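*Asks:* Here it is, the structure, as structure tokens.
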Amino acid sequence: MEATMVDNDDELTLVGHTQFRSFRNVWMLEELGVPYKHIQAMPRSEEAQAANPLGKVPTLKDSDFVLYESAAINTYLGDKFRGQADTPELVPAAGTKERGRYEQLVFFLMAEVDAQGLWIHRKHKALGKVFGTIPEAVAAAKEHTQRCFEVLAADLKQVGGPYLLGDSFSAADILLVHCLDWADVIGWLPEVGDSAEWRGLFEYRDLCKARPAFQRTLAKKEAKL
């Protein structure tokens, strides 16, 4: 286990190892700069089973409120700390066009890239002995994921700013960069080649990963591998 910052009954507690989707939430917390406790729990561990009905990670505990699903956690954190002194706005306010775009990006990434792409590889290749190896499904998922990244690359170029929402870094960027890194690990990212869209997407990823909060999160992950 690892405790980060101050330990008290009212602080936020994140349950989940940074090797998994919990990375997204540690990065978000580091960007916000708020106190939190981090329990580096593996899926189906005793800590994970106590926090999540499926024994998955991550789970966020905010006093007596418990929340799971990584994208939902980050949106909640962005809303919770909006407007506080020295805390960046990483999630747009509800009812704005910016919030609508943010929600679209998050749902697209979770539904099309994470669930229908990257998780298919993990389920039917990396964990094939458990769920069954289905090469055809994995191949289709890879093609679909690359197509989704191409859509996002074109969208990023059209926005004109360095980030998905334009000039402002957001929780949507955290999600996309984590998905890009996941795809990179399993060999699903193409060579940059002559594609301006892919070059732009890789430059965007490098820009986000240069952020101090990302580097702190990466150090936590590497320390526990």
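The values are calculated or read from the model by the stated rules, or taken from the named source; none is laboratory data. All values derive from a computational prediction rather than experimental measurement. Cβ: placed from backbone, ideal geometry, glycine included. Neighbour counts: every protein chain shown. With ligands, DNA and RNA removed, areas are computed over all heavy atoms of the protein, side chains included. Shrake-Rupley method; radii C 1.70, N 1.55, O 1.52, S 1.80 Å.
*Asks:* Could you check which residue among ASN25, ASN74, ASN52 shows the biggest mean-square fluctuation in a GNM of the chain with a 10 Å Cα cutoff?
*Replies:* Of ASN25, ASN74, ASN52, the most mobile in the Gaussian network model is ASN52.
*Asks:* Using a 7 Å offset from the Cα along the Cα-to-Cβ direction at both ARG147 and THR133, what is the distance between the two label points in nm, to one decimal?
*Replies:* Label-label distance for ARG147 and THR133, simple model: 2.6 nm.
*Asks:* Comparing ASP64, ASP206, ASP184, which has the greatest mean-square fluctuation in the GNM of the chain with Cα pairs linked when under 10 Å apart?
*Replies:* Sorting by GNM fluctuation, first place goes to ASP64.
*Asks:* How big is the antiparallel share of DSSP beta bridges in the chain, given as a percent to the nearest 5?
*Replies:* If we restrict to bridges inside the chain, about 70 percent are antiparallel.
*Asks:* Counting only helical runs of four or more DSSP H residues, what would the 222 nm mean residue ellipticity of the chain come to if each run contributes -39,500 (n - 2.57) and the total is spread over all its residues?
*Replies:* Value at 222 nm, helices only: -15500 deg cm²/dmol.
*Asks:* Same structure, new question: For GLU11, what accessible surface area do you get with a 1.4 Å probe? Give it in Å², rounded to 10.
*Replies:* 20
*Asks:* Working out 0.36 nm times the residue gap between ASP64 and ASP167, then minus their Cα-Cα distance, what length gain in nm do you get to one decimal?
*Replies:* Stretched fully, the ASP64-ASP167 segment lengthens by 33.5 nm.
*Asks:* Continuing with the same structure: With a ≥ b ≥ c taken as the square roots of the eigenvalues of the C-alpha gyration tensor of the stretch 1-157, please select rounded if a/c is under 1.5 and otherwise prolate if a/b is larger than b/c or oblate if it is not?
*Replies:* Oblate, since a/c reaches 1.5 and b/c is not below a/b.
*Asks:* What pairs from LYS123/LYS220; LYS125/LYS209; LYS56/LYS97; LYS97/LYS209 go past 31 Å between their alpha carbons?
*Replies:* Too far apart for the 31 Å limit: LYS56/LYS97.
*Asks:* Under a 1.4 Å probe, what is the accessible area of the stretch 58-146 per residue, stated in Å²?
*Replies:* Per-residue value: 55 Å².
*Asks:* Could you give the dipole magnitude of the chain about its Cα centre, charging the beta-carbon of Lys and Arg +1 and that of Asp and Glu -1, in debye to the nearest 20?
*Replies:* Dipole size: approximately 560 debye.
*Asks:* Still on this structure: Express as a percent, rounded to the nearest 5, the fraction of DSSP beta bridges in the stretch 12-89 (both residues included) that run antiparallel.
*Replies:* Percent antiparallel among DSSP bridges in the stretch 12-89 is about 65.
*Asks:* Amide H neighbours of LEU12 under 5 Å, counting only residues 5+ apart in sequence or on other chains, H built in-plane at 1.01 Å?
*Replies:* Under 5 Å from the amide H of LEU12: LYS37.
*Asks:* If you don't mind, there's one more thing I want to ask. Can you give me the Cα centroid spacing of the stretch 140-154 and the stretch 63-111 in angstrom?
*Replies:* 24
*Asks:* Now a separate question. For the stretch 152-225, just say rounded, prolate or oblate: build the C-alpha gyration tensor, square-root its eigenvalues into a ≥ b ≥ c, call rounded for a/c under 1.5, and beyond that prolate if a/b exceeds b/c, oblate if not.
*Replies:* oblate
*Asks:* Can you pull the Rg over Rh of the stretch 97-211, Cα-only, Kirkwood?
*Replies:* Rounded to two decimals, Rg/Rh equals 0.99.
*Asks:* Please find, in a Gaussian network model of the chain (springs between Cα atoms separated by less than 10 Å), the residue of ALA171, ALA210, ALA71 whose mean-square fluctuation is greatest.
*Replies:* Comparing ALA171, ALA210, ALA71 in the GNM, the peak value goes to ALA210.
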